[in-house]
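Here's the structure, in structure tokens; my notes come after.
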Amino acid sequence: PEVAVTRPRPLATHGLTHIALAVKSPARSLKFYRAVFGVREYYRDADSIQVLGPGPKDVIAFERDPEHAGVPGGIIHFGFRLLRPEDIDAAVVAVQRAGGSVSSRGEFAPGCPYAFVRDPDGYDIEIWYE
């Protein structure tokens, strides 16, 4: 006779919803991410600012920690997916205007553009469409 194998059900979640970044200046990070991704502040204390967006359940926490700011610690990059491929040029311009830089640009396949950019602390961000 066969033995029934019960597999545990995965947790029901909203998915990956937040990331906390060590930054030199939470206010500077807020300014950059607001200008590029339209995030909005919802919490602040003496050493951190938390923002909502750009997705409906996304949270980014900017934690003052100058010694570790921009140090990946195992995270290679994090990404934001565009709604339209033609927005890649505007995304790159927004990053540069907000004090970030572009590391590389290209297409994963025809019509699927990407840009790897860096925020003012040096975190690598992938902006792409697929």
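The values are calculated or read from the model by the stated rules, or taken from the named source; none is laboratory data. Treat the numbers as computed from the prediction; the structure is a model and nothing was measured. Because the Cβ atoms are built from the backbone with ideal geometry, glycine has one as well, and the counts that use them run over all protein chains shown. These accessible areas exclude ligands, DNA and RNA; they are computed on the full protein's heavy atoms, side chains included. Shrake-Rupley method; radii C 1.70, N 1.55, O 1.52, S 1.80 Å.
Within the stretch 42-75, if we keep just the residues that are in contact with a helix residue (DSSP H, G or I) (Cβ under 6 Å, 6 or more places away or on another chain) and open to solvent by 20 Å² or more (accessible area, probe 1.4 Å), the residue that is farthest from VAL23 (Cα to Cα) turns out to be PRO54. For the stretch 6-15, check the following and say yes or no: at least one residue is open to solvent by less than 70 Å² (accessible area, probe 1.4 Å) and within 24 Å of TYR129 (Cα to Cα). Yes, some residue in the stretch 6-15 is open to solvent by less than 70 Å² (accessible area, probe 1.4 Å) and within 24 Å of TYR129 (Cα to Cα).
Just to be sure, is GLU130 more than 24 Å from LEU16 (Cα to Cα), out of contact with any Ser or Thr (no Cβ under 6 Å at 6 or more places or on another chain) and open to solvent by 50 Å² or more (accessible area, probe 1.4 Å)? The answer is no for GLU130. When the residues of the stretch 16-39 are narrowed to those that are β-branched (Val, Ile, Thr) and surrounded by fewer than 20 Cβ atoms within 10 Å (Cβ to Cβ), which ends up farthest from ALA69 (Cα to Cα)? Ranking the qualifying residues of the stretch 16-39, first place goes to THR17.
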